[in-house]
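Inspection log for the structure reproduced underneath, given as structure tokens.
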2 protein chains.
Amino acid sequence: MTQPVAILAGGGALPLALADALRARGQMVRVLALRGFADRATRRAADARCGLLDPRAVLDTLRGWNPATVTLAGYVNRPGPLALLGAGSAFRNRDIIARLASSGDDGLLRGVVGLLEEQGFAVSGIHDLAPQLLAPAGQIGRVPVSQPDAIDMGLRLLSSLSPFDVGQAAVISGARICAIEGPEGTDAMIARVGKLWGGGRLPRSGHAPVLVKTAKTGQDLRIDMPVIGPRTIRRAAAAGFSGIALGAGHTLILDQAETIAEADRRGMFVVGVNLTPDGLPDVAMAPVGL
Amino acid sequence: MTQPVAILAGGGALPLALADALRARGQMVRVLALRGFADRATRRAADARCGLLDPRAVLDTLRGWNPATVTLAGYVNRPGPLALLGAGSAFRNRDIIARLASSGDDGLLRGVVGLLEEQGFAVSGIHDLAPQLLAPAGQIGRVPVSQPDAIDMGLRLLSSLSPFDVGQAAVISGARICAIEGPEGTDAMIARVGKLWGGGRLPRSGHAPVLVKTAKTGQDLRIDMPVIGPRTIRRAAAAGFSGIALGAGHTLILDQAETIAEADRRGMFVVGVNLTPDGLPDVAMAPVGL
């Protein structure tokens, strides 16, 4: 493509990692950092910076770039009421604001995708643009996978939670659910389980906890694809976890080489599990006995 | 009954509250405090004290009392491996130990109920013995119920989680799930939501959170009936909650007068919602427009 891929960049390291991955394949890239969400490094490296709630500036910038496609990368928490009010009075497009303010993070991001498409932009997912960033199927790294039943239970739990727009991750120990992720995020959930484990609320005798993480069933993978990275491994290892199971093709692994090296070093397994369209473990295609 | 009701007493204020409620109706009561679980006040007031993992002592004590029925009251976290090992070597009944060590709190308590029934004891639930302790249907207290949609969503969520032996409580704000309870318990979950709310991860503009709590669908109500009390109200109010919705007949209200007075004082609604056998809100019998 001679037209660039435009990255609408939220928080975390993903936007720049995606830009690097695309540029490594010779793809031209433009990064639009979303103020209030994008990290400092992203804002510095970006070609432009706009407020998410200043849709006019976002759309004008994108039009100037004439991108082949637009992609959303990085996390975007919901804006507070003051930001919404400010954007409302500045832009006076109550429809857009009302859509952005709709329920849940997904509602917000679906609103952004819908707005971009209405304005004639193609919107792509990271899974289309850089599939090499996705979790593959099968054992990832050197540590053999254990606790297939816990992994199976975790994936079934997440599948059954999907209608509620919550729960892209859970922690299972043996046959017991230790935590279900809410808006606090994966890191905070891991810390919570570490405390339960340390504080005697969970049995030390049992299996060490397993983190299970995948996109919601039926999720539009262009928005809010779940991510793990080296920090996830370090935090899970510190909390006594035995491993991490990911929906193959439905989860991003940030800085894959370093993530796998960390997991190997700390004796944690990482596995990608093929999923059916219902988000259940796909037994027919199951790797490593899952 | 001239035979006593025997209360196997775990942690919290419920065992003595139940004993009081039964004695107020002229019922003879014997309390067996479970060491390591029962509160100090319960241990002091108890007629006997045994380890939960010393089944011989528990059964001998109960046989001596010749109770009309036995009931479990108060929370029982899972014993650590050392307690299990100790009980195993003392009692040498590996079957019982294995059953007690089975997955989840429910597994443990089902094991206790099964063991008691095998030994010829009738086991009753608090809902049978003291239904006046249960949440009634309809508005409880003076604050009008708000956010029926959030309550409905919370009850549907808990119903769909029931197969996984987790989630007797969740917190909803508007159409967004803020937290699902794990082994950390309701108080810790309320504190977590308070932090999210205060830390800007949840929008202040939206509806204040609602706590939704009920027994798991298909739950044996003789074990692990969910409980709220004055402390729940105080903590939820401190975390900015607008109210609490309970499964009518499926949740205990400890110290009901004080709980309602606290809720009224702090402007929080409390409501009991009739549920279908699937744990869904029973529209036909719905109070207050739910």
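3J(HN,Hα) along the range A:9-22, derived from phi through the Karplus expression 6.51 cos²θ - 1.76 cosθ + 1.60 where θ = phi - 60°, amounts to 9, x, x, x, 8, 4, x, 6, 4, 5, 4, 4, 4, 6 Hz, with x in place of Gly and Pro. Ascending distances from the A:ARG43 label point to its copies in the other chains, with the point 7 Å along the Cα-to-beta-carbon line: 5.5 nm. The charge dipole of the range B:1-65, taken about its Cα centre with unit charges on the Cβ atoms of Lys, Arg (+1), Asp and Glu (-1) only, comes to about 80 debye. Distances between equivalent label points of A:ASP149 across the copies, with each point positioned 7 Å along Cα→Cβ, amount to 4.2 nm, shortest listed first. A Förster radius of 30 Å combined with the Cβ-Cβ distance from A:LEU280 to B:ARG63 puts the calculated FRET efficiency at roughly 0.05. For the range B:117-261, just say rounded, prolate or oblate: build the C-alpha gyration tensor, square-root its eigenvalues into a ≥ b ≥ c, call rounded for a/c under 1.5, and beyond that prolate if a/b exceeds b/c, oblate if not. Cα axes put the range B:117-261 in the prolate bin. Each residue of the range B:110-116 was assigned a 3J(HN,Hα) from its phi angle through the Karplus curve 6.51 cos²θ - 1.76 cosθ + 1.60 (θ = phi - 60°); the sequence is 4, x, 5, 4, x, 4, 4 Hz, with glycine and proline shown as x. Computed about the Cα centre, the dipole magnitude for the range A:192-282 is approximately 600 debye when only Lys and Arg (+1) and Asp and Glu (-1) carry charge, each at its Cβ. Applying the Karplus relation 6.51 cos²θ - 1.76 cosθ + 1.60 with θ = phi - 60° to the range A:119-136 yields 3J(HN,Hα) values of 8, x, 8, 7, 10, 10, x, 4, 5, 7, 7, 9, x, 5, 7, 7, 5, x Hz, where x marks Gly and Pro. A label point on B:GLY138, set 7 Å along the Cα-to-Cβ line, lies at 6.5 nm from each of its counterparts in the other copies, closest listed first. Charged neighbours of B:ILE260, selected by a Cβ distance under 12 Å, balance to -1 (K, R count +1; D, E count -1).
A short reminder: the numbers here are calculations on the coordinates, not readings from a lab. Note that this is a predicted model, so its numbers are computed, not measured. Using ideal geometry, Cβ is built from the backbone for each residue, glycine included, and neighbour counts are taken over all protein chains shown.
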